[in-house]
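A short write-up of the structure that comes next.
Bear in mind these aren't lab numbers, they're just calculated from the coordinates by the rules spelled out. This one's a predicted model, so the numbers in the text were calculated from it and none came from an experiment. Cβ placement follows ideal geometry from the backbone for every residue including glycine, while neighbour counts extend to all protein chains displayed.
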Amino acid sequence: MHLALYQPDIPQNTGAAMRLCACLGLNLDIIEPCGFLWNDKKIKRSGMDYTQAVNLQRHTSWDKFLNQYSGKQRIILMTTKASVPYSSFEYRESDILLAGRESAGVPEDVHSVADGRIIIPMHPGQRSLNVINSASFIFGYALANISKNA
């Protein structure tokens with residue numbers, strides 16, 4: 001499975017994503033432009049020694065990311081604008097779970113391309129969880145259910 005971050009705003013979240021992916025054996029795709037200057041030293045500090053253990057691929061644009069994966073792997077958008085709970089979705093080992101920008105999510109053209117859209121149901125009145133907390137939550141569930149159904 002892959003975790004893809006769409007134009008991430010916060011380098012610390014990108015570092016946490018590296019750590020998550022290294023620990024769970026996930027691939028990580030970063031779709032640029034980022035909302036911060038990509039500084040290897042700062043990224044390595046945020047991701048600690050996990051940056052060496054993650055399979056990281058940077059894409060200079062959404063179009064380049066799509067050209068690589070569209071039609072080959074499903075792109076599943078984690079969004080507060082979905083109606084399907086993450087626990088009702090059937091995951092595949094080849095799925096790419098896509099997280100939007102911390103500040104703005106993803107634009108409509110990204111929503112329209114997604115093969116699936118999932119949500120974490122939350123207590124009424126609450127907006128969203130941290131993007132990496134959400135990814136951890138959903139990947140834990142997805143990986144456990146893929147292994148049960150394999």
How charged is the neighbourhood of S70? Take every other residue with its Cβ under 12 Å from the Cβ of S70, and add Lys/Arg as +1 and Asp/Glu as -1.
+1
Grab the DSSP H runs of the chain that are 4 residues or longer, score each as -39,500 (n - 2.57), total them, divide by all residues and round the 222 nm result to the nearest 500 deg cm²/dmol.
-11000 deg cm²/dmol
Report, in debye and to the nearest 20, how large the dipole of region 2-149 comes out about its Cα centre when Lys and Arg carry +1 and Asp and Glu carry -1 on their Cβ.
280 debye
Please sort 89-101, 66-78, 29-41, 9-21 by packing, taking for each peptide the average over its residues of neighbouring beta carbons within 10 angstrom, highest first.
9-21, 89-101, 66-78, 29-41
Would you kindly derive the ³J(HN,Hα) couplings of region 29-41 from the backbone phi angles with the Karplus curve 6.51 cos²θ - 1.76 cosθ + 1.60 (θ = phi - 60°), listing them in order in whole Hz, with x for Gly and Pro?
10, 10, 9, 8, x, 7, x, 9, 6, 6, 10, 3, 4
Modelled label-to-label distance, A104 and E90, 7 Å Cα→beta-carbon offset: nm?
3.6 nm
Considering amide H positions built from the backbone, and no H for Pro or chain starts, which residues 5 or more places from R117, or on another chain, come under 5 Å of its amide H?
L77
For V106, the residues 5 or more places away or on another chain with a placed amide H closer than 5 Å to its own amide H are R101
Once you have the Kirkwood Rh of the chain from its Cα pairs, apply Stokes-Einstein at 10 °C and 1.306 mPa s and quote D in µm²/s.
103 µm²/s
Simple label model, 7 Å out from Cα along Cβ direction - Q52 to N130, nm:
2.5 nm
